[in-house]
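Here is the structure we will look at, set down as structure tokens.
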Amino acid sequence: MDNSSTRLGHAAPAWTLVLLAPLIAEVLPGATRISAIFVFPIEVAIWGGGALLIREAVRRWRLGWLNMLFLAFALSIAEEFLIQQTSVAPMVLQIFPGYPPFARAWDVNYVYFLWALFYEAVFVVFIPIVLTELIFRSRRDVPWLKTWSTWMVGVVFVLACFPAWFLWTQIARVQVFHQPAFNPPMTHVLLASFTMAALIFAAIGPSRRALTGVSVPLPPPSPWLLALGAAIAASVWYGMVLLAFGIRPAFPPGVAVAAGLGIASLAIYLLPRYAAHPAWWDTHRVGLVLGAVIATMAVNFFGFIYATSKLDLYGKIILDAIATVLLVGLAIRVSRTRASGASTTRIAGR
């Protein structure tokens, strides 16, 4: 094997992750439609680059899931307040026009922000990383970047933020959604920047080890139950963004916030404890990914009911079908690997 082939093989996990992050979070659900696929390279640079840098920091310094969560939150806040500013700008879409904006206070779409904060942390960072590490299991615990390539990914990430900001806030809002161009209040920019800095400092600063404590183990349920729970949680979470877009203008925002925080808190409490148990295995990981991704793809067809081109609808159907087949194939492969390992263990134990 020549050196170029070796280098390509070594880089395969990193390239897979940078492509999977925007695919899973944006393209497969249909937030980025086929007719707008020209923005995909920017999403690769920001979502993919951000997820790769977070994974690199966590693996290089042997940090924990909470460190990763803090970094994922910082990435989401950057997107929502500084780059595309969708949580602070007036919503570009109201399902039922004529009603006051749903859950907007202090110049923040706070139900939308709660939805985005956890959706982007999970579907941009956690799920793509778990899925990529399932594909490349032999390299799960090691860094995928060298120092120079880490800096290169970071530079591309920063450079991509400007076209992402300009295309959405100054062009798409004006020419596609017929809304005025938006510039956030300086107080929001400063507060978001301070919060991001605090999260990043806590995650990778001198006291980063304080976040790596091992959770008290809990016996995990079966992978099928985890898949079902992930599917239900993802479907309910989609309901929050529908509320943010005004599907039920009279719905109490406080109830939406309480429900969202309840779901997020339950997941944050249970999943690390399941993962710390000796019975936790790759079948549980793939169950979570399978349930969450397939449910999210399915419920997002709701957004294709109104004013959708055939190109976008059929494109989503085809891409989602391919993704489902590949995910199911991965689940079968992981299950067979475990069954094979269990058989080997039983034979060795005789």
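Data table
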{"quantity": "Single match in VAL111, VAL158 (criterion: surrounded by fewer than 15 Cβ atoms within 10 Å (Cβ to Cβ), more than 30 Å from THR337 (Cβ to Cβ) and at pLDDT 95 or above)", "calculated": "VAL158"}
{"quantity": "Within the range 85-105, tally of residues that are exposed (fewer than 14 other Cβ atoms within 10 Å of the Cβ) and either in contact with a Leu (Cβ under 8 Å, 6 or more places away or on another chain) or within 19 Å of ALA258 (Cα to Cα) (or both)", "calculated": "1"}
{"quantity": "Listing of helices (runs of 4 or more DSSP H) fully contained in the range 223-310 that carry 3 or more residues being without any contact (Cβ under 8 Å) to a residue 12 or more places away in the chain and either over 22 Å from LEU131 (Cβ atoms) or aromatic (Phe, Trp, Tyr) (or both)", "calculated": "253-275"}
{"quantity": "ALA31 in a loop (DSSP other than H, G, I, E, B) and either crowded, with 23+ Cβ neighbours inside 10 Å or within 20 Å of the chain's Cα centre (by Cα) (or both)", "calculated": "yes"}
{"quantity": "Of the criteria (1) without any contact (Cβ under 8 Å) to a residue 60 or more places away in the chain; (2) of a type in the set (A, V, I, L, M, F, W, C); (3) more than 28 Å from GLN170 (Cβ to Cβ), which one ALA121 fails", "calculated": "(3)"}
{"quantity": "Residues of the range 277-316 that turn out to be surrounded by fewer than 13 Cβ atoms within 10 Å (Cβ to Cβ) and on the phi < 0 side of the Ramachandran plot, as a count", "calculated": "8"}
{"quantity": "Subset of the range 192-220 (residues that are surrounded by fewer than 16 Cβ atoms within 10 Å (Cβ to Cβ), more than 23 Å from the chain's Cα centre (by Cα) and of a type in the set (A, V, I, L, M))", "calculated": "ALA210, VAL214, VAL216"}
{"quantity": "Matching residues in the range 109-138 - criterion: being of a type in the set (Ser, Thr, Tyr) and more than 22 Å from PHE81 (Cβ to Cβ)", "calculated": "THR132, SER138"}
{"quantity": "Checklist (1) farther than 13 Å from ILE42 by Cα; (2) modelled with pLDDT under 95 applied to TRP168, failing item", "calculated": "(1)"}
{"quantity": "Any pair with Cβ under 8 angstrom, 6 or more apart, that starts in the range 36-65 at a residue that is within 21 Å of GLY205 (Cα to Cα) and in contact (Cβ under 8 Å) with a residue 60 or more places away in the chain and ends at one that is among the aromatic types (Phe, Trp, Tyr) and in a helix (DSSP H, G or I)", "calculated": "GLY49/PHE157; GLY50/PHE157; LEU53/PHE157"}
{"quantity": "Pick from the range 310-340, criterion hydroxyl-bearing (Ser, Thr, Tyr) and under 18 Å from TRP280 (Cβ atoms), ranking: modelled with the highest pLDDT", "calculated": "SER335"}
{"quantity": "ILE83 being β-branched (Val, Ile, Thr) and more than 26 Å from ALA233 (Cα to Cα)", "calculated": "yes"}
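Conditions (1) out of contact with any Asp or Glu (no Cβ under 9 Å at 6 or more places or on another chain); (2) assigned to a helix (DSSP H, G or I); (3) surrounded by 18 or more Cβ atoms within 10 Å (Cβ to Cβ), marked per residue:
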| residue | (1), (2), (3) |
| --- | --- |
| SER35 | no, yes, no |
| PHE38 | yes, yes, no |
| PRO41 | yes, yes, no |
| ALA45 | yes, yes, yes |
| LEU52 | yes, yes, yes |
| VAL58 | yes, yes, yes |
| LEU69 | yes, yes, yes |
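The values are calculated or read from the model by the stated rules, or taken from the named source; none is laboratory data. Predicted model only: the values in this text are computed from it and were never measured. In this analysis, Cβ positions are derived from the backbone assuming ideal geometry, glycine residues included, and neighbour counts consider all displayed protein chains.
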